[in-house]
Each structure stands twice: as C-alpha cells, then as structure tokens.
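Taking it in order: structure first as structure tokens, then the write-up.
Every number in this text was worked out from the coordinates using simple rules, so none of it is lab data. What you see is a predicted model, and the numbers here were worked out from it, not measured in a lab. So basically every Cβ, Gly included, is an ideal-geometry build from the backbone, and we count neighbours across all protein chains shown.
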Amino acid sequence: MSVGQFAYEGPFRHNGPVKRKDLTQGRLEALAHPARVAMVRLLAELPDEHTLRDPRCGTAYGVCFCHLKERTGLSAPTVSHHLRILREAGLVEGVRVGRWTYYRLRPGALEALAQELLSLARQARRALEEERAV
C-alpha cells in the first residue's frame, strides 16, 4: 500500500471476508464511543466510598455491574453491550462470582495503547522536525 492510501473497513462496509483487526485499531475503536470512555473512567475511579459500603455486592473482584449501570444512567442491555466491546478489545475483564459479575480495567492494555500512541507522536514529531530542517 502506498503512502496516502488507507485501508479502512467501516462498521457497515464489508468487501470480502472480515479480517481480524489490529489490536491498536480495535482498542481505539472501543474507546471511540463516549459511553465506553465514561465506563473506563468509572472503572479507574471505583470503588469509592459509596460502592464500598453497598450491601448489594462487594468490591473484592472489581466494580459490580449494578454500579456501572447506575453511574452511567444507561439501560442494562446497553451497559452489557459496551462492556462486551471493551472486553473484546482487551481493555476490561469480567470476573463472575456467584450471581454477580465484577469488572476491572486491564492496566497493561491501556499502557500498551498509550505507548503505541506515544510512539506515533514521537515519529510524527521527528518527521516534522526533519521537514523543518530542510
């Protein structure tokens, strides 16, 4: 593929067999929705004073689904949908304990994504500096 050509298969375009997404692309797409970004932020912040004292569920394994539903104001099916996308991207993991499912961030996945973006930013900065030097 030459410079200036981009291979993009949007969510509604399927020309031939669907290929497995690049890990970085999948993670960026997962974070492209404001509700999923809000959930990632909540998972980073919780448990807090309210959730620690909630008699409905504990916090030993992460954040209970009910807290994500309450804090986002989204319906249960919508929260489940967004959590599935975040899990498939490897950004979140779920732990089932009895009838509860607890969710937590996978910090290594977020750090890897941040490193990839930082590497791209450095590469772009070098290219810009080289261009200015000419």
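Can you tell me how region 23-106 classifies by the Cα gyration tensor, rounded, prolate or oblate, using a/c under 1.5 as the rounded cut?
Numbers: a/c = 1.85, a/b = 1.66, b/c = 1.11.
In terms of gyration-tensor shape, prolate.
Please work out how much length the chain gains when fully extended from ALA32 to GLU116, using 0.36 nm per residue of separation minus the C-alpha to C-alpha distance, in nm with one decimal.
Numbers: separation 84, 0.36 × 84 = 30.24 nm, distance 1.63 nm.
My answer for the length gained is 28.6 nm.
Taking H placed 1.01 Å from N in the peptide plane, check which residues at least 5 places from VAL92 or on another chain put their amide H under 5 Å from its amide H.
Residues meeting the amide H criterion: ARG87, ARG106.
With a cap of 11 neighbouring Cβ atoms within 10 Å, and only residues DSSP puts in a loop, list the trypsin sites (Lys or Arg not before Pro) found in region 61-134.
Details: sites: LYS69, ARG71, ARG84, ARG87, ARG96, ARG99, ARG104, ARG122, ARG125, ARG126, ARG132; in loops: ARG99.
Listed in order of number, the matching sites are ARG99.
Through the Karplus equation 6.51 cos²θ - 1.76 cosθ + 1.60, θ set to phi - 60°, convert the phi angles of region 27-34 into ³J(HN,Hα) values in whole Hz; use x for Gly and Pro.
Ordered by residue, 3J(HN,Hα) equals 6, 5, 5, 5, 8, 7, 9, x Hz.
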